[in-house]
Structures are given as structure tokens and as C-alpha cells.
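Data first, discussion second: the structure below is written as C-alpha cells.
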Amino acid sequence: MPRMSVFDSPLLLGFEPFEQLLDRVAKSSQDTYPPYNIEQLDDTRLRVTLAVAGFAEADLAVTVDGNQLMIRGRQGEDGERVFLHRGIAARQFQRNFVLADGLEVAGARLETGLLHIEIDRPLPASTTRTIKIESESPTNNAPKLKAVGDD
């Protein structure tokens, strides 16, 4: 059975990108691996930290496509080991974050099993302008009156 959407109305033309964005957010909120934190470092910087224990730098990829931050992890298979119990997750993952307009990914670093992604949020520039006010000059644009007797 197809899913109903508020965007199916014929009055809402051109809202497909918003519907796709909402679908991505809903899908990514259901996935819990790997766990992550989002910190506000100051007024202009954020940090996303993912717990990626067991992943090497070569196993991870951080990309930005439009306004979407994508983090992927894939570990190579080690066919030589024989596990009696395997409780440490060694699965691949993809974690997506939708970035607001103006946010820029500044860099990423892997440190003691944590992947830190730094995001800059520049403050909007102040754009104060003085607007010249124009007025009509009464001497230049006033209609000329005719004197009595002038033809």
C-alpha cells in the first residue's frame, strides 16, 4: 500500500525536495549505529562526534553532497580469524546529517575510536546601508501658472 503524504495535494506543486528531505531525516533517525554526539563549541562552531571503535582512517569516508553530510564506514573482512564469540560490531554503516544553509564542514579527525567532524557556522554579515531619500523640488517640477491676459 503506498504511503500517504501531505505533499500529494495538487495544490502543493514543487515541494518534492522537501518531501525527500523529510524521508531522509525519518530514515536516519531510526538507525542507531554508530552512536553520535553533536556539540556546540561556540557561536560559530559545531562538532559531530561518532563512536567508530575498530575502524581505521582508511575504513571511513566523510563527504558533503549539497547540504547533506555523509559518513560511511566499511571494515575489510578478515577471513583468517575464527571467532568463538563476536560481540564487537564490525558492520558497515552510513550516517547522514542534513546541514542548514551556510554551514560548512571544516575538517575531520580520528582520535581514540572517535571521529570528530568540525562544522563552521559563520555569523551573518551585517548589511546596514543608508538609502538616499529623493524628493521633488517645488521650483523645478511645479506647474507654471499663466498670468491673466497671457495667451
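Just so it is clear, none of the values below were taken in a lab; they were calculated from the coordinates. Bear in mind that the values here come from a model prediction, so they are computed numbers and not experimental data. With ideal geometry, Cβ positions are generated from the backbone for all residues, glycine too; neighbour counts draw on all protein chains shown.
Three principal axis extents describe the C-alpha atoms of region 32-123; from largest down they are 53, 24, 22 Å.
Annotation: amide H-H contacts under 5 Å for residue 52 (H modelled 1.01 Å from N, sequence separation of 5 or more, or interchain): 114, 115. Computed from the Cβ-Cβ distance with R0 of 22 Å, the FRET efficiency linking residue 40 to residue 92 stands at 0.15.
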